Structure formats: structure tokens, C-alpha cells
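Okay, so here's the structure we're looking at.
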Amino acid sequence: MTLLAQDRTAEGHHFRFNPSRMLLYLALCSYALVSTYPFLWAIFTSLKTTYELYNDPFGIPKRLYLRNYSIAWTQAHMGRLSVNSLIVAAVSVVIAMALASTCAFVLSRFDFRLKPLVWGLILLGFLMPDTVRLVPLAVFTRRVGIYDTLLGLILIYSVHGLPWYSFFLTPLWRRFQGSSRRRRSWTGPTCGRCSVTSSCPCHNRPSPPWPRSTFSTAGTSLCWPCC
């Protein structure tokens, strides 16, 4: 009888109406719809003819015009662009994660005189808008001879992700350091295991979202037809 009463009480507490939670769910659903609309609009636009695109840009296509995909694949060379995107995204994420992991390990493990300066430079990478970097990056890549090349894009995306990776990997290193001290010394294979845990999305622990974000950002920038 006691267990049955506890179950009924738990069920009643579980299904109790909560206005604040309902408002939160409504806000999240609204945000999901707003975020999904551009993706659906892009799909509908890709299935329209040129006449429908200019006369009814926000409407649903009257007929699925699948020939647009074959034209994009054959005439716009989307196959080559997709391969370039995959190469740039994968290599830039690996380079950025490798460099940022070492920086985050030092910031989480050691105290030195210039540590506030390093943190200031990392935060400066957050505050500087991307539009401010465009012209200096174009001038720099032209002067060193890597403009409009895969190498130039890989270096740009790798450097662009360093502040974010270093900032978010530092607390992860601190957490792994505290847990490892309770089990064993902070040396040897434990460091390697922590590095894989913090950077590999296939690991059994939750992985940070910024490698996937950088991969998707670099992967969707299909702008390398000359490579």
C-alpha cells in the first residue's frame, strides 16, 4: 500500500501543470520552427524552376524540378567542391584541435607570469568580428602565395578555431586533471586518454560541440572552384 501510494504521488507530481515550463516549451518550439524555416526554404528553392523562383520565391514548388541537382553536379562541379570542402574541414579541425589542446593543457596545469596576457589574446579572438579579418587575410594570403588554395583555407580555418577551442578545452583539462588525481598520477596514458575524450565525437563520453561546429562551417563554404 505504501509503494502504491508513493507511485500515485509520483505520477501526480509528474503530470502537474507548470505554466513556466509550458512557456519554456512554447519558446523552444517557436525557436525550432524559426530555425528550420531557412533550411526548408532552401530545399523548396532547389526544387523550383527559374520562373517559379522569381515569381513565387517563398511558395511551395508546384512541381518537383529535380533537374537542378544534375545541373549543379555536372555544370557547377559540385562533386569537386564537396571533396574540397571535406578536405578543408577535416584537416582544419585536426590542426586546430591539436594546437588548442596543448594550449589548454598548459593554461589548466601551470601558473606563469604571462598567463593573463595569453587569456587576453584568446578573448580578443572572440571580440574581433569576422568582417574585420577579411581584407587583412586576403592581402596576407596574396603576399605569401596561398590565395585561392586549399592550404590557405586550411590555415585560416585552423587559426579561426584556436580561441574557441582553447577557451572551452581548458575547463575540460581541469576536470580530467581532478578526476585523474583521484585514480592515478597525471602522467602517461591518462593525458592521451583525456585528449581523445575531449576531441573525439565517437567517444562514449559527451564530446564538445565546437569541433562539429567548425567542421560544419568549413564544410558548408563551397567556394574553392580553382583548387
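The values are calculated or read from the model by the stated rules, or taken from the named source; none is laboratory data. Every value quoted in this text rests on a predicted model; they were computed, and no experiment measured them. Please note: Cβ atoms are built from the backbone with ideal geometry, for glycine as well, and neighbour counts cover all protein chains shown.
Looking at region 145-153, is at least one residue closer than 26 Å to F39 by Cβ and touching a residue at least 24 places away in the same chain (Cβ under 8 Å)? Within region 145-153, one or more residues are closer than 26 Å to F39 by Cβ and touching a residue at least 24 places away in the same chain (Cβ under 8 Å). Say whether the condition of being within 28 Å of P38 (Cβ to Cβ) and surrounded by fewer than 18 Cβ atoms within 10 Å (Cβ to Cβ) is met by at least one residue in region 102-125. Within region 102-125, one or more residues are within 28 Å of P38 (Cβ to Cβ) and surrounded by fewer than 18 Cβ atoms within 10 Å (Cβ to Cβ). Can you say whether A96 is in contact with a Gly (Cβ under 9 Å, 6 or more places away or on another chain) and assigned by TED's automatic domain parsing to the domain that holds W164, as far as the supplied structure shows? It is true that A96 is in contact with a Gly (Cβ under 9 Å, 6 or more places away or on another chain) and assigned by TED's automatic domain parsing to the domain that holds W164.
The residues of region 128-162 that are farther than 27 Å from V83 by Cα and within 18 Å of the chain's Cα centre (by Cα) amount to a single one, P129.
If you go through region 18-76 and keep only what is part of a loop (DSSP other than H, G, I, E, B) and of a type in the set (A, V, I, L, M, F, W, C), you end up with L47, F58, I60, L64, L66, A76.
T50 meets the conditions (1) of a type in the set (V, I, T); (2) assigned by TED's automatic domain parsing to the domain that holds T149; (3) exposed (fewer than 13 other Cβ atoms within 10 Å of the Cβ) in every case but one. The failed one is (2).
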